[in-house]
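The values are calculated or read from the model by the stated rules, or taken from the named source; none is laboratory data. Not measured: the values here are computed from a predicted model. Cβ atoms come from the backbone with ideal geometry, glycine included; neighbour counts cover every protein chain shown. These accessible areas exclude ligands, DNA and RNA; they are computed on the full protein's heavy atoms, side chains included. Shrake-Rupley method; radii C 1.70, N 1.55, O 1.52, S 1.80 Å.
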Amino acid sequence: AGLKYEPTNFDGLFTVAYYDMRQKNVTRHLGHGIIRQLGKVKSRGLELEGTAQLDQGWDLRGSYSYNKTEQVGGTENGNEMPNAPEHTANLWVEREWGNGFRVGGGVRYIGNRKGDFANVYDLDDVTLLDLGASYTRDNIEARLNVANLTDKVYVANCGSFGCFYGEGRTVTAKVSYKW
């Protein structure tokens, strides 16, 4: 179930959604071709999102999600699903300078989460910073993005093959032509 609201006094959009999902016959891979039946998984949550174009070229986008997962049945009955953070959020602020230049920055938050199906260990929460800049002239756009600006080291997820680090500082550049 969800709602959308578009204000009349400025350019923006706000949404809220609630979900209660159930999935049956969920399996997981244990490695070496071994598959185990989990049973049922429940996931309930709330998602909030908003975008707004403010005065003097400022754009603001943000979101927050709450997600509660639970394994139903089997040996891990009542445990949370692995790699499913209960809280995530992000905020991005960008400024258009009116001459083709745009500059922005944001923050992403991934809450702590369970590292395995048995909920034996947790993966720490992490907050990441990102930057972006672009220049547009006629049909050509040049863009430069920096993800994980502070080069934060964190464990992104775990699975049957082990745990994996999240991407370090990543710089990408793109030039595109639109016709």
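General remarks:
- Among the residues of region 152-179, those that are free of Cβ contacts under 8 Å to residues at least 24 places away in the same chain and open to solvent by 70 Å² or more (accessible area, probe 1.4 Å) comprise 153, 164, 165, 167, 169.
- Some residue of region 120-142 being more than 30 Å from residue 175 (Cβ to Cβ), in a loop (DSSP other than H, G, I, E, B) and polar (S, T, N, Q): no
- Qualifying residue in region 53-63 (condition: modelled with pLDDT of 95 or more, open to solvent by less than 40 Å² (accessible area, probe 1.4 Å), among the polar types (S, T, N, Q) and outside any loop (DSSP other than H, G, I, E, B)): yes
- Exactly one residue out of 75, 27, 127, 136 is modelled with pLDDT of 90 or more, hydroxyl-bearing (Ser, Thr, Tyr), farther than 26 Å from residue 3 by Cβ and over 17 Å from the mean Cα position of the chain (by Cα), and it is 136.
- Options 94, 49, 80; residue that is part of a loop (DSSP other than H, G, I, E, B) and either touching a residue at least 24 places away in the same chain (Cβ under 8 Å) or in contact with an Asp or Glu (Cβ under 9 Å, 6 or more places away or on another chain) (or both): 80
- Yes/no for residue 102 being under 30 Å from residue 138 (Cβ atoms), touching a helix residue (DSSP H, G or I) at 6+ places or on another chain (Cβ under 8 Å) and either assigned to a helix (DSSP H, G or I) or open to solvent by 30 Å² or more (accessible area, probe 1.4 Å) (or both): no
- Matching option when the condition is surrounded by 14 or more Cβ atoms within 10 Å (Cβ to Cβ), closer than 30 Å to residue 77 by Cβ and out of contact with any Phe, Trp or Tyr (no Cβ under 9 Å at 6 or more places or on another chain), among 145, 119: 119
- Condition met for residue 76 (farther than 21 Å from residue 164 by Cβ and in contact with a helix residue (DSSP H, G or I) (Cβ under 6 Å, 6 or more places away or on another chain)): no
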